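Peer 1: Just dropping this structure here.
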Amino acid sequence: MVGVAAVLGFAVTFPALFRGWKIDDFIHRSLVIGNGERLGLLATMRDYFAFVVPETLQQWKDVGIVPWWTDTGLRISFFRPLAALTHWIDYRLWPDSSAAMHLHSLVWYAAACAVVALLYRRFLGATWTAGLAALLFAIDDAHLVPVEWIANRNALIALVAGGLAIAAHDRWRREGWRFGAAVASGCFMI
């Protein structure tokens, strides 16, 4: 059922390949490829999910994105190094292909469906309810947003890593698999 859920999730979200860039994708695209220069790996990992920084805050105030009374030291930035790395790779391999970037997200979604199916089987047993739950998860239209919005791939990565952390932790605690503690901790840190 794990493989079926992954394939079904991939098939259901396949139309996302043709969605193009949207919302933050344009900002990220200009950040990584802007002005013909490419941002380096470390700078991408540091700045890719930095939304409000003191250097550009006045511009954001001027156009009304943030209120005029916003503290001048405000910084809104998320630490998502793995997600930033996947986007950096996208822009190195296929900078002008949103379809290839969406395909990358589709693969992460298929992995997420597989991990969720694995968790259902682990906690519900190899029953029809676990299989049905996995299939319903795979076809849920609410999951289309992080698949079709390239900048939101971090949600898929977090789902895969979080699911693997739960599975490894459960195996460690129930079956005494000592390596599970390290695997769970590593996946949790992603």
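The values are calculated or read from the model by the stated rules, or taken from the named source; none is laboratory data. Predicted model only: the values in this text are computed from it and were never measured. Quick reminder, even Gly has a Cβ in these numbers, built from the backbone with ideal geometry, and neighbours come from all protein chains shown. Each accessible area value is taken on the protein alone, full model and side chains, heavy atoms only, with ligands, DNA and RNA left out. Shrake-Rupley method; radii C 1.70, N 1.55, O 1.52, S 1.80 Å.
Peer 1: Please tell me if residue 144 is surrounded by 13 or more Cβ atoms within 10 Å (Cβ to Cβ), part of a helix (DSSP H, G or I) and not hydroxyl-bearing (Ser, Thr, Tyr).
Peer 2: When the stated conditions are applied, residue 144 passes them.
Quick grid of which residues meet (1) open to solvent by less than 70 Å² (accessible area, probe 1.4 Å); (2) closer than 26 Å to residue 16 by Cβ; (3) among the acidic types (Asp, Glu):
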{"residue": "140", "(1), (2), (3)": "yes, yes, yes"}
{"residue": "153", "(1), (2), (3)": "yes, yes, no"}
{"residue": "157", "(1), (2), (3)": "yes, yes, no"}
{"residue": "163", "(1), (2), (3)": "yes, yes, no"}
{"residue": "167", "(1), (2), (3)": "yes, no, no"}
{"residue": "177", "(1), (2), (3)": "no, no, no"}
{"residue": "184", "(1), (2), (3)": "yes, no, no"}
{"residue": "187", "(1), (2), (3)": "yes, yes, no"}
{"residue": "190", "(1), (2), (3)": "no, yes, no"}
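Peer 1: Right, another one. Would you pick out the residues in region 157-187 that are at pLDDT below 85 and within 16 Å of the chain's Cα centre (by Cα)?
Peer 2: Result: 187, single match.
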